[in-house]
Amino acid sequence: MKEFVDTGKKDTRSGFGAGLAELGNTNPKVLALTADLKGSLKMDQFAAEHPERFFEVGIAEANMVGMAAGMAIAGYIPFIGTFANFASARVLDQIRQSVCYSQTNVKIAASHAGITLGEDGATHQTLEDMGLMRMLPGMVVINPCDYNQTKAATIAAAAWDGPVYLRFGRPGVPNFTPADQTFEIGKAIKLNDGADVTVFATGHLVWEAIQAARILEEKGVGVDLIDIATIKPLDKEAVIASARKTGKVVVAEEHLVAGGLGEEIAGVLAAACPTPMRFVAIDDKFGQSGKPAELMAAYGLDAAHIVEAALSF
Amino acid sequence: MNYTLPQIASQVRRDIVRMVTAAASGHPGGSMSATDVLTYLFFKEMNVTPENWCRSGEGIDQFFLSAGHISPVLYSLLARRGYFPVAELATFRRFGSRLQGHPSVDKGLPGVNQAAGSLGQGLSVAIGAALAKKLSGDPNTVYVLIGDGESEEGQIWEAAMSAAHYKVDNLIAMTDWNHQQIDGTTEDVAGLGDLRAKWEAFGWTVIEADGHDFTAIEQGFAEANRRKGLGRPVMILWHTEMGHGVDFMAGTCKWHGKNPSADQCAEAMKQLEETMGDFAL
C-alpha cells in the first residue's frame, strides 16, 4: 500500500482560511461574511488584507445568508462563515429559498462540524448537516479531509457557479494530501487499489480509513480505498465501479447514518448493483462533551471500527 | 397612450382580482393595499426600464419584494410596465407558468430578482444588494417592500440592526402597513405596536405617508430620496388598507389569501374601472 505521510497536524479550518486569503488576492469578486466567528473560521488574514470586502454581521446567521444572497445577485462571490450547525440547520429555510431556489452563488463555509468539535458538546456538534444540505436541489456539498484539501476545495468552490456547502472541522488532524493539488468538485479520489473490500471515507475519517487499510492489508485483506470529498454531486461512476469490483462496501463518516454519505451511496448501489454495506457513522444519537479522539473512539468513528466493519461481511 | 397613475392602479387591481379568481387561489388583500405605492414605484420612481432591467441590478435601481405572497400586484405591474406580455397574466399559478404562486427566478420571469414567499428574508437580500452597489460604485438605489405582519419575523430585526450598523443609506425599505394578517389584525395576532418607534430605535430614518393618495406617495418618496446618502437606512411606513379599492374586500383580514367567487369578481369589476384593457381569460 502507498505511504501517506502526515506532514504535521493542522486544522482543516485553517485550510479554509488559507484558501480564502489566496482568493482575496486573486479574485476581486470574492467577499467574506461571518457571524461573530472571524477568528474561529480563520478569516483574519482575508479581513486584514481586504477590509472593504469583509463583513462582520454579528450573531445573526439568517440575515447573513440573505445579505450574501443579495451580494451574489450583484455578481459577487460571498463566503459566509460560521459553525456548521449555525450554517445549516439554523438557517435551512434561508438557504433553501434565498440561496438554492433563488440560484444565488453563495458559498457556505461550515466549520467545527461533527463530533470532533469536542468539549462544547452536542449543541454545537452537528451530525445532520450533510443530510440537510444534500437534500437541497442545486447544492454542492464538500467535506474535505485535511488542511491541503480544504484549501484546494475552497479555491474550487469559488470557481464553481452555484451554491456550495463546504464542511470542515476544528481540531488539528494529519495533513497528508498534496500541497499543490487542484480540487475537482464531484470527483472521487482513489487512495488505494484493493480487490477484497471497498472503504469510502470522507472528512476526518479518511485518515482513519488509511490506518484501517494498513491493518487490513497486514491481515491479507485488500482495500479499495476512496476519498469521497464531494458528497454531492456524488461520483457515482467511481462508487459503482468499486462496489462491482469488491462486492463489499464500508462507508465511514463523521455524521449520522441518517442523511449521510452511507445512505447516499446505498441509494446509488441499490439501484445500480445492490451490495452488502456497513456504516461507520453515528446512529440516531446526539454527541457529548469530550476530547475529539476520545469521542471518535466512543462513537465508533476510528480506524478500529472501520477494520471491524470491513471484517464483518 | 399615457395613463394616469390612478388609471394604472385601477387596472392593476382589476388584474389582481381577475388573476386570483381565475386561479381560484392567491392573495388579493395585500396585493391591493400595496397597489398604489408600487404603481408609483414602477411607473414614476425607479430608474429602470423593461429594456435595461437585469437581475444583477448593475447600473439600475433594484426592487425586491419580500412579501412574496402579494405576487399578483408584482406580476400585474411588471406586465403593465412592459416586462412581459399582459396576456401571460392569465397563466398565474398554472402548471408550467412563469407566474408561480410566489415569485421565483428559476423560470426566468423578467423583473424578478429573487424568490420570496417564506417571509422575512427579502430585507436581508436587499441590504446585501445595496452593499454590493456601494462596493462597485453604483449610485443607484435598492428598494424593498415588506409586510407589516412579516415584521413579526426575527430576521427582519437582524436585518434592521445590520443596515444601520453598515450605514446602508442607498436603500429605501417600505412597509405595507395595512394592519391585517391571516389570523386577524396585527394587533390582535402579535401586538405589532409602534413600528415607527421600533425602526427609529434600530437607527433608521422613518417616514410615514398615506399609501393610497398619489400626492402623499410622491411626497413620501421625495422625502425618502432627500434622506438617502446621510448614513442611515430609510424606512417608509405606508399607511394602507388591505383589499383597498373594493368595498367588500377592504379593511379585513378575510381577503388576505382568499379568492373571490365569480359573482364577487363581477361585483368587484363594477367598482374598478377598466382603463388599459383586461387580459384575456
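Odds and ends about this structure:
- Of all the criteria given as (1) closer than 26 Å to residue A:116 by Cα; (2) more than 14 Å from chain B (Cβ to nearest Cβ); (3) surrounded by fewer than 20 Cβ atoms within 10 Å (Cβ to Cβ), the one not satisfied by residue A:15 is (3).
- Those residues of segment B:33-48 which are of a type outside the set (Gly, Ala, Ser) and assigned to a loop (DSSP other than H, G, I, E, B), in sequence order: B:46, B:47, B:48
- Residues in segment A:87-126 that are more than 10 Å from every other protein chain (Cβ to nearest Cβ), under 19 Å from residue A:33 (Cα atoms) and not in a loop (DSSP other than H, G, I, E, B): A:87, A:89, A:90, A:92, A:95, A:107, A:108, A:109, A:110, A:111.
- For residue B:238, the conditions (1) more than 16 Å from residue B:22 (Cβ to Cβ); (2) without any contact (Cβ under 8 Å) to a residue 40 or more places away in the chain are fulfilled apart from (2).
- No other residue among B:112, B:144 is more than 7 Å from chain A (Cβ to nearest Cβ), of a type outside the set (Phe, Trp, Tyr) and within 11 Å of residue B:66 (Cβ to Cβ) apart from B:144.
- Single match in A:103, A:125 (criterion: assigned by TED's automatic domain parsing to the domain that holds residue A:159, of a type in the set (S, T, N, Q) and farther than 20 Å from residue A:40 by Cβ): A:103
- Flag for residue A:221 being in contact with a Cys (Cβ under 6 Å, 6 or more places away or on another chain), of a type outside the set (Gly, Ala, Ser) and at pLDDT 95 or above: no
- Unmet requirement for residue B:139, which otherwise passes all of (1) without any contact (Cβ under 8 Å) to a residue 40 or more places away in the chain; (2) facing chain A (nearest Cβ under 9 Å); (3) of a type outside the set (Ser, Thr, Tyr); (4) within 19 Å of residue A:71 (Cβ to Cβ): (2)
- Filter result (assigned to a strand (DSSP E or B) and not β-branched (Val, Ile, Thr)) within segment A:177-231: A:190, A:191, A:192, A:200, A:201, A:224, A:225, A:227
- Pick from segment A:37-85, criterion part of a helix (DSSP H, G or I), touching a strand residue (DSSP E or B) at 6+ places or on another chain (Cβ under 8 Å) and more than 9 Å from chain B (Cβ to nearest Cβ), ranking: farthest from residue A:172 (Cα to Cα): A:47
- Being polar (S, T, N, Q), in contact with an Asp or Glu (Cβ under 9 Å, 6 or more places away or on another chain) and closer than 30 Å to residue B:195 by Cα is a property that does not hold for residue B:252.
- Only listed residue being away from chain A (no Cβ under 14 Å) and either crowded, with 24+ Cβ neighbours inside 10 Å or assigned to a loop (DSSP other than H, G, I, E, B) (or both), chosen from B:51, B:58, B:88: B:51
- Looking across segment A:129-151, the residues that are outside any loop (DSSP other than H, G, I, E, B), touching a strand residue (DSSP E or B) at 6+ places or on another chain (Cβ under 7 Å) and among the hydrophobic types (A, V, I, L, M, F, W, C) come down to A:130, A:133, A:140, A:141, A:142.
- Selection of segment B:233-262 for residues being outside any loop (DSSP other than H, G, I, E, B) and of a type in the set (Asp, Glu) yields an empty set.
- Selection from segment B:115-132 of residues that are over 24 Å from residue B:35 (Cβ atoms) and more than 7 Å from chain A (Cβ to nearest Cβ): B:130
The values are calculated or read from the model by the stated rules, or taken from the named source; none is laboratory data. Since the model is a prediction, treat every value here as computed from it, not as a measurement. No Cβ is skipped: glycine too gets one built from the backbone with ideal geometry, and neighbour counts run over all protein chains shown.
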